[in-house]
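Laboratory data are not the source of any read-out in this text; all were calculated from the coordinates shown. What you see is a predicted model; the values in this text were computed from it and never measured. Here the Cβ positions follow ideal geometry from the backbone for every residue, glycine too, while neighbour counts run over all protein chains shown.
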């Protein structure tokens, strides 16, 4: 049965998020609010938790999972970033963007794309999630909470509780999230002098990045 933490969206309670961070350290999977929709998260190096998330979502190893990072310097530890990419990332973080970059050896092979050796990374702009990442002290592996055989992510924490409380270890309720997904940018073409590729246009503004 999932634990349920109700936190304030703008002034999240550290005491509750410390409890949630302790669960993550023990191998839990959580539903958490982001700046786009609710997501499932777990520890990066926890194979069993990653497998549970894939089973819950019914996704295979070709589905990109995303690393949620505290800041740009942490992101650069898990992805190869050149000067052009860094300037773009600096403009866009924190924010509702997901970036596809070449993964470093810090990323376990099982969570990077099996053919391309790439990883999706985000620096979210949501206070409760930022505090959780700070308390956890490392990136979290994440995927949007889209139920199997459905196309829309879940946005209501009470509905998440009703549908998944037996499959999750905890749910963080900070109210509804925007339902618009992140903008996804593939930055790997920049390695060879190309331009970023817009994989999906979402909440993050392309105009703000000059794209």
Practice task
For the chain, set up a Gaussian network in which alpha carbons nearer than 10 Å are linked by springs, and say which option among 27, 194, 137 fluctuates the most.
Solution key: 194
Exercise for the section: Given the options 201, 159, 74, state which has the largest fluctuation in a GNM of the chain using a 10 Å cut-off (strictly under) for Cα springs. Expected result: 159
Completion exercise
By Cβ neighbour count within 10 Å, fewest first, 5, 99, 164 rank 164, 5, 99
Problem - Degrees between helix 47-57 axis and first principal axis of the chain (Cα, 0 to 90, nearest 10) - result: 80
Problem - Cβ-based exposure ranking for 87, 57, 126, in which fewest neighbours within 10 Å come first - result: 87, 57, 126
Exercise for the section: For helix 14-25, report the angle its Cα long axis makes with the longest principal axis of the Cα atoms of the chain; keep it between 0 and 90° and round to the nearest 10°. Expected result: 80
Handout entry: For region 3-209, share of DSSP beta bridges that run antiparallel, in % to the nearest 5
Key = 60
Handout entry: Segment residue 151-residue 208, extension gain: residue separation times 0.36 nm, minus the distance between their alpha carbons
Key = 17.8 nm
Completion exercise
From DSSP H assignment alone, runs of 4+ in the chain each adding -39500 (n - 2.57), the sum over residues rounded to the nearest 500 puts [θ] at 222 nm at -8000 deg cm²/dmol
Practice task
List, largest first, the extents of the alpha carbons of region 3-209 along their principal axes, each in whole Å.
Solution key: 48, 33, 32
Exercise for the section: Just report the Cα centroid separation between region 92-110 and region 172-211, whole Å. Expected result: 12
Practice task
Considering only 151, 118, 182, give the residue with the highest GNM mean-square fluctuation for the chain, with springs between Cα atoms whenever their separation is below 10 Å.
Solution key: 151
Practice task
Take 8, 64 and order them by how many other Cβ atoms sit within 10 Å, fewest up front.
Solution key: 8, 64
